[in-house]
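Here is the structure we will look at, set down as structure tokens.
The values are calculated or read from the model by the stated rules, or taken from the named source; none is laboratory data. Predicted, not measured: the structure shown is a model, and the values here were computed from it. With ideal geometry, Cβ positions are generated from the backbone for all residues, glycine too; neighbour counts draw on all protein chains shown.
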Amino acid sequence: MGTAGGLEALAKMPDCNVLLLGAKKKNMSGFSTAAAQSRVGYLEQTEVVQSTSPPLRSQSSRLIAAKSTLAARIGSIRGDPTGKAGQNLLEEISKKIKKWQELPSARLPKPLPIPDSILKRSEGAVDSGK
């Protein structure tokens, strides 16, 4: 919240910009960028993102950015003084991440159609007269 400039500023900020809060632009000219993590902000360092598998980290950080923006908007208008909305958003985030980490169901092979026993004539075929 401090980097964004307060709760009101965080509520007005789009979630794509919330994702980049705290990120430092790295100048990697002349070096390999294969292992470098560019634009890693504060959300990438949270426990929720770090506990997910590496292929899902960017997707989970985008989800957290979107939900944190929603929570900031709820908080800026003082819509939920009990904090229940924030807890619901956290549960929703954890459910989605668990669902992403599940293995997909095995695909069943599609059976071939039963071939017709009668040969079909193709268009333009010449009949031999038999």
Note to self: Taking the condition of being at pLDDT 85 or above and aliphatic (A, V, I, L, M), how many residues in the stretch 25-54 meet it?
What the structure shows: 2
Item checked: Condition check for Ser105: at pLDDT below 85, exposed (fewer than 14 other Cβ atoms within 10 Å of the Cβ) and among the hydroxyl-bearing types (Ser, Thr, Tyr) -> no
Notebook entry, point to check: Which of the residues that make up the stretch 55-73 are more than 15 Å from the chain's Cα centre (by Cα) and either at pLDDT below 85 or not hydrophobic (A, V, I, L, M, F, W, C) (or both)?
Noted result: Thr69, Arg73
